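The values are calculated or read from the model by the stated rules, or taken from the named source; none is laboratory data. Please read all numbers here as calculations on a predicted model, not as lab measurements. Counting neighbours? That spans all protein chains shown, and the Cβs are built from the backbone with ideal geometry, glycine included. Quick note on the areas: whole protein, heavy atoms, side chains included, nothing else; ligands and nucleic acids left out. Shrake-Rupley method; radii C 1.70, N 1.55, O 1.52, S 1.80 Å.
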Amino acid sequence: MPLYSYRCKACDHGFETLVRFSDPAPVCPSCGAGEPVRQLSGVAAEGKSGAVIQSARKMAAREGHFSNYSRSERPKR
Ligand SMILES: [Zn+2]
């Protein structure tokens, strides 16, 4: 059974629950509202992976190589 993270639209309470595909949608354990929003935990959002690439590039720049820059992005010398 997959463990999903949800966030309640009504009270903004975050919770995790095991969900079978045959189960009805979970309800918020805090306020009992239905239809919580499923969070995409464990999957890197595009913005996040972009930040990872940026930090990797900064590290590479500190180390003095630019192998993970494309040719056009490399600083001119
Ligand atoms: Zn709630």
State which residue pairs qualify: first residue closer than 11 Å to Val37 by Cα and inside the stretch 10-25, second residue open to solvent by 100 Å² or more (accessible area, probe 1.4 Å) and modelled with pLDDT of 80 or more in any location, beta carbons under 7 Å apart, and separation of 6 or more residues or different chains.
-> Ala25/Glu35
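Yes or no, residue by residue, for (1) surrounded by 10 or more Cβ atoms within 10 Å (Cβ to Cβ); (2) modelled with pLDDT under 90; (3) within 16 Å of the ligand (Cβ to nearest atom):
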residue: Leu3; (1), (2), (3): yes, yes, no
residue: His13; (1), (2), (3): yes, no, yes
residue: Val19; (1), (2), (3): yes, yes, no
residue: Pro24; (1), (2), (3): no, yes, no
residue: Cys28; (1), (2), (3): yes, no, yes
residue: Gly34; (1), (2), (3): yes, no, yes
residue: Val43; (1), (2), (3): no, yes, no
residue: Gly47; (1), (2), (3): no, yes, no
residue: Val52; (1), (2), (3): yes, yes, no
Going by the conditions given, is Pro75 at pLDDT 75 or above, exposed (fewer than 13 other Cβ atoms within 10 Å of the Cβ) and over 18 Å from the mean Cα position of the chain (by Cα)?
-> no
